[in-house]
Number of protein chains: 2
Amino acid sequence: MGILVVGSIALDDVSTPAGQRQGILGGACTYFSTAASLYDRVSLVGVVGEDFPQEHVRFLSARDIDLRGLQVVPGRTFHWSGQYGEDLDEAQTLDTQLNVFGAFHPVIPDDLRDLEYVFLANIHPELQIEVLEQMRAPRLTALDSMNYWIVSSREALTRAISMVDLVLLNEAEVRMFAERANLLDAAQHILDLGPGAVVIKRGQYGSMLVTRGERLGERLFIAPAYPVANVVDPTGAGDTFAAGVMGYLARCGEDSVAALRRAVVNGTIIASFTVEDFSIDRLRTLEWSEVEARYNEFRHVTHFDGLTVEEMSPLTQRIC
Amino acid sequence: MGILVVGSIALDDVSTPAGQRQGILGGACTYFSTAASLYDRVSLVGVVGEDFPQEHVRFLSARDIDLRGLQVVPGRTFHWSGQYGEDLDEAQTLDTQLNVFGAFHPVIPDDLRDLEYVFLANIHPELQIEVLEQMRAPRLTALDSMNYWIVSSREALTRAISMVDLVLLNEAEVRMFAERANLLDAAQHILDLGPGAVVIKRGQYGSMLVTRGERLGERLFIAPAYPVANVVDPTGAGDTFAAGVMGYLARCGEDSVAALRRAVVNGTIIASFTVEDFSIDRLRTLEWSEVEARYNEFRHVTHFDGLTVEEMSPLTQRIC
């Protein structure tokens with residue numbers, strides 16, 4: 001199938017209650033690529049400066065990530081500096097230096113325009129639209145965004161949202177974009193623009209998947225976060241969550257509601273590993289068997305009753 | 001089996017974004033009794049003043065709630081006044097007049113000392129201990145508490161907790177009592193005092209059930225809140241949640257982890273109805289068939305995969 005991801009590649013300074021790191025590999029595109037490479041071939045499109053360490057390029061290549069869309073241009077790489085307090089749910093940005101990322105225009109190499117799965121990480125919605133317009137026959141497109149674009153580029157973001165199949169936003173962003181306090185109403189507002197599914201990210205409380213349907217149990221799936229004993233660095237949790245979702249869907253080749261639910265659980269599991277170390281470091285050593293073990297444990301954490309065989313039919317397919 | 005509940009009976013003034021009500025029936029004991037009476041015979045022990053409207057006594061009697069433990073004494077009934085902002089999760093207390101509740105000492109009528117299920121609503125932990133010492137052979141005891149007692153009566157609360165089987169506290173209270181930020185660690189601290197289970201209430205995000213066990217999926221169950229289209233008044237959500245838990249356990253007569261999980265879901269469902277109107281008004285008309293319908297819908301909202309028959313065995317028993 002093949003997944004295209006477009007987004008930021010960064011060098012981060014991160015401070016959390018567990019410690020501090022400087023100049024570590026970051027950026028939505030990096031987190032997503034690394035995590036999604038557990039599932040399928042990933043092609044990334046992004047930009048770095050001449051200061052970007054070769055070791056990171058070698059690492060991404062070693063994950064079989066296609067770097068033909070990686071632009072290396074004169075100047076410095078995007079640099080983000082942030083810190084987390086005891087409430088690990090939200091980062092406080094201390095400094096943002098866009099550097100070469102400020103002039104980034106995603107050019108999709110011709111070979112990659114046929115990729116079927118497209119993830120538009122949090123970049124200017126106009127750029128997200130540029131990417132979509134370059135793709136020839138995407139099967140499933142998804143985007144992430146943030147409060148900044150909702151305020152500054154609402155019109156473009158609305159257009160971008162109307163063009164994709166799947167929208168991933170956090171709870172506050174969904175309410176802010178839809179201007180509705182009730183999350184289900186807010187998600188329905190987004191569905192009414194065109195997407196088939198909205199995933200609402202709720203940090204330590206997990207996520208909700210909202211699709212169309214008559215009954216609540218058809219159109220809503222709620223997944224808690226997988227409880228992690230020791231959260232070291234929450235950076236990239238949302239991006240690797242998205243990677244688990246898109247990775248699973250690409251690997252399975254299904255897009256049923258049942259597949260979407262399992263995809264959300266995959267996202268949950270991948271994110272739970274990501275936060276166990278700084279940068280993408282936990283993902284470096286993550287084995288597929290660890291993902292499977294946590295996935296199965298998660299069923300026991302969330303299920304309270306067996307569905308009857310008949311009721312179970314749309315949900316019985318096991319992880320691919 | 002029979003359930004004993006000891007706690008406050010109040011007349012409340014409540015203001016929420018959906019409206020205001022004055023002098024409405026409130027109090028943890030009232031909410032619990034009304035909700036638990038859907039499941040089993042409830043005996044309440046509490047105190048009211050001479051101003052307590054007879055219509056409320058008639059209502060409780062009509063629910064087959066045993067009022068032999070209801071003390072009616074000279075003076076005014078406990079009065080609570082509170083308001084909720086747009087974030088409906090936490091009430092701001094505007095006024096508390098303990099009145100006759102200030103001198104309340106629970107005296108359990110002799111007949112009721114044989115009841116097997118005991119719920120100690122949020123009252124002074126010394127009083128909770130007094131109740132427990134009066135019971136002859138309780139099968140399952142549970143308590144609720146609050147930040148106030150954690151700060152002012154930590155020793156008594158610790159003793160009360162060590163005497164019960166089940167502790168229900170909200171997320172902040174669990175962390176505060178255990179002096180640990182990680183919820184699972186904090187719950188384990190409470191289990192180490194003696195109880196077999198801790199239920200952590202998380203408001204709009206649902207609840208967690210923590211029991212003993214090796215694997216995470218054995219010792220942890222996470223349930224989201226049932227999404228309610230229009231929350232009118234959150235007062236009593238926690239008490240009726242506890243009522244669903246205790247009511248289900250009393251009715252089923254089981255105390256396995258599987259039964260506890262289904263009990264937590266029952267609590268979730270009952271609480272979801274409670275918040276749809278002021279006071280206990282939604283419970284006045286609530287039919288058992290509505291509880292069952294929401295319970296089954298909830299399975300579809302939370303399950304993403306079928307457990308295999310073998311794995312499912314401890315969880316397959318249907319709602320009693």
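No value in this document is a laboratory result; all are computed from the given coordinates. Bear in mind that the values here come from a model prediction, so they are computed numbers and not experimental data. Cβ coordinates were reconstructed from backbone atoms using ideal geometry, including for glycine residues, and neighbour counts include every protein chain displayed.
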Quiz item: Taking a ≥ b ≥ c as the square roots of the eigenvalues of the Cα gyration tensor of region A:53-212, is the shape rounded (a/c under 1.5), prolate (a/b larger than b/c) or oblate?
Solution: oblate
Quiz prompt | Cα-projected label distance for A:ASP89 with A:GLN188, points at 7 Å along beta-carbon direction, nm | solution = 2.5
Exercise. Tell me what chain A gives for mean residue ellipticity at 222 nm when only DSSP H runs of n ≥ 4 count, each as -39,500 (n - 2.57), the sum divided by the residue total, rounded to 500 deg cm²/dmol.
Key: -11000 deg cm²/dmol
Quiz item: If you count the DSSP beta bridges with both ends in region A:1-137, what percent of them are antiparallel, to the nearest 5?
Solution: 40
Quiz item: Which translational diffusion coefficient, to the nearest whole µm²/s, is obtained for region B:3-315 from the Stokes-Einstein equation, given a Kirkwood hydrodynamic radius over C-alpha pairs, 37 °C and 0.692 mPa s?
Solution: 168
Quiz item: In the neighborhood of A:ALA178, defined by Cβ-to-Cβ distances under 12 Å, what is the net charge if each Lys or Arg adds +1 and each Asp or Glu adds -1?
Solution: -2
Quiz prompt | Cβ-based exposure ranking for A:HIS105, B:HIS303, in which fewest neighbours within 10 Å come first | solution = A:HIS105, B:HIS303
Self-check item: Span per principal axis, largest first, for the Cα atoms of the protein assembly as shown (Å)
Solution: 84, 48, 43
Quiz prompt | Local net charge near B:GLY238, Cβ-Cβ under 12 Å (Lys/Arg +1, Asp/Glu -1) | solution = -4
Exercise. Just check region B:149-233 against the gyration tensor rule for me: Cα atoms, a ≥ b ≥ c as the square roots of the eigenvalues, rounded for a/c under 1.5, and otherwise prolate or oblate depending on whether a/b exceeds b/c.
Key: oblate
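Within 10 Å of each Cβ in peptide A:221-229, how many partner chain Cβ atoms are there on average? Round it to a whole number, please.
Mean shielding count: 6.
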Self-check item: Other copies of A:GLY102: label-to-label distances in nm, shortest first, labels 7 Å along the beta-carbon direction
Solution: 6.6
Quiz prompt | Euclidean distance between Cα centres, region B:94-139 to region B:236-258, Å | solution = 18
Quiz item: Nearest 0.05, what FRET efficiency do B:THR158 and A:MET146 give at R0 = 56 Å with Cβ-Cβ as r?
Solution: 0.80
Practice problem: Of the options A:PHE298, A:ASN182, A:VAL275, report the single residue whose Cα projects farthest towards the positive end of the charge dipole of the protein assembly as shown (beta-carbon charges: Lys, Arg +1; Asp, Glu -1). | Solution: A:PHE298
Quiz item: Cα axis of helix B:154-163 to longest principal axis of chain B: angle in degrees, 0 to 90, nearest 10?
Solution: 60
Quiz item: How much net charge surrounds B:LYS201 when only the other residues with a Cβ under 11 Å from the Cβ of B:LYS201 are counted, with Lys and Arg +1 and Asp and Glu -1?
Solution: -4
Quiz item: Which residue fluctuates the most in chain A, going by a Gaussian network model with Cα springs under 10 Å, if the choices are A:PHE278, A:PHE52, A:PHE304?
Solution: A:PHE304
Quiz item: Using Cα atoms only, what is the angle between the long axis of helix A:288-302 and the major principal axis of chain A, expressed in degrees (0 to 90) to the nearest 10?
Solution: 40
Self-check item: Cβ nearest the rotation axis (B onto A), residue from chain B and distance to the nearest whole Å
Solution: B:TYR205, 2
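Specify, per residue and in Å³, the volume enclosed by the convex hull of the alpha carbon atoms belonging to region A:125-279.
Convex hull of Cα atoms, per residue: 116 Å³.
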Quiz item: Can you list, largest first and rounded to whole Å, the semi-axes you get for region B:1-88 by taking the square root of 5 times each eigenvalue of its Cα gyration tensor?
Solution: 23, 17, 10
Quiz item: Which distance in nm do the two modelled labels at A:GLN97 and A:ARG41 give, with both placed 7 Å along the Cα-to-Cβ direction?
Solution: 3.7
Exercise. Report the one residue of B:SER37, B:TYR205, B:CYS252 whose Cα lies farthest in the direction of the positive end of the charge dipole of region B:3-315 (charges on C-beta: Lys and Arg +1, Asp and Glu -1; origin at the Cα centre).
Key: B:CYS252
Exercise. May I ask you to report, in nm to one decimal and beginning with the shortest, the distances from A:GLU292 to the same position in the other copies, taking label points 7 Å along Cα-to-Cβ?
Key: 4.0
Quiz item: Charges only on Cβ, +1 for Lys and Arg, -1 for Asp and Glu: so what's the dipole of the protein assembly as shown about the Cα centre, in debye to the nearest 20?
Solution: 660
Exercise. Take every residue in peptide B:293-300, count the Cβ atoms of other chains within 10 Å of its Cβ, and give the average of those counts.
Key: 5
Quiz prompt | Alpha-carbon centroid distance for the pair region B:164-187 / region A:22-52, whole angstrom | solution = 39
Self-check item: Between 0 and 90°, nearest 10: helix A:257-274 axis offset from chain A longest Cα axis
Solution: 50
Quiz item: For B:ALA181, which inter-copy label distances result when the label point lies 7 Å beyond Cα on the Cα-to-Cβ vector, reported in nm to one decimal and in ascending order?
Solution: 3.1
Practice problem: Describe numerically, in nm with one decimal, the distance between label points set 7 Å from Cα along Cα→Cβ at A:LEU67 and at A:GLN22. | Solution: 2.5
